[in-house]
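The values are calculated or read from the model by the stated rules, or taken from the named source; none is laboratory data. Since the structure is predicted, the reported quantities are computational estimates derived from the model, not experimental observations. Cβ sites come from the backbone with ideal geometry, for glycine too, and all protein chains shown count toward neighbours.
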Amino acid sequence: MDDIDCRIIACLKENARTKLSAIADTVSLSITATADRIRKLENTGIISGYTVLLDETKIGHDIIALIFVRIEHPRFNEEFCRQVKLHPEILECHYVTGDYDFILKVVTSGSAGIERLLTFVKSIKGVSLTRTLVVLSTVKSELSVTPVPAKAAGR
């Protein structure tokens, strides 16, 4: 990836529906060359998809929380992961090092929603401890890293 690829990705991250002609103007390439680069980024898997971002508060999901989960034995990990993948309010699940085994990022509605989610998580076989942190405000939220060219990153 070079500087132009990085700038194309930055444009798409800002708004994936940006017209190809606008991206081409921004990166000073022809529309055809820009389209070829985007297709190459998609074909190599660097761009893995496009999505819709929702304002959760406008659909009644006004609580973001992080749930730290300890599993009593690794033999329960697979079932835990399977259950977590099925729950629509669990947005992320990370297997981590440290005092806990997993960290879940959840979005739900009010204290009743958090209570319902915690009951669900605690009912999964093998869960031995949870700790929940409610997010008061979000300073930064990105879906993916914006790459910088190797020269600019000092590589």
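Structure notes:
- Extreme residue, surrounded by the most Cβ atoms within 10 Å (Cβ to Cβ), among residues of the stretch 68-84 that are under 11 Å from Asp101 (Cα atoms) and among the aliphatic types (A, V, I, L, M): Val69
- Qualifying residue in the stretch 128-135 (condition: more than 30 Å from Leu12 (Cβ to Cβ), modelled with pLDDT of 95 or more, of a type in the set (Gly, Ala, Ser) and more than 23 Å from the chain's Cα centre (by Cα)): yes
- Flag for Cys6 being surrounded by 14 or more Cβ atoms within 10 Å (Cβ to Cβ), in contact with a Pro (Cβ under 6 Å, 6 or more places away or on another chain) and not in a strand (DSSP E or B): yes
- Once the stretch 87-130 is narrowed to residues that are farther than 26 Å from Glu142 by Cβ and among the hydrophobic types (A, V, I, L, M, F, W, C), the residue that is surrounded by the fewest Cβ atoms within 10 Å (Cβ to Cβ) is Ala112.
- Index of the failed condition, Glu92 passing every other in (1) under 23 Å from the mean Cα position of the chain (by Cα); (2) without any contact (Cβ under 8 Å) to a residue 24 or more places away in the chain; (3) farther than 24 Å from Arg70 by Cβ: (3)
- Every condition in (1) in contact with a Phe, Trp or Tyr (Cβ under 7 Å, 6 or more places away or on another chain); (2) in the same structural domain as Glu89 (by TED's automatic domain parsing) holds for Gly60 except the one numbered (1).
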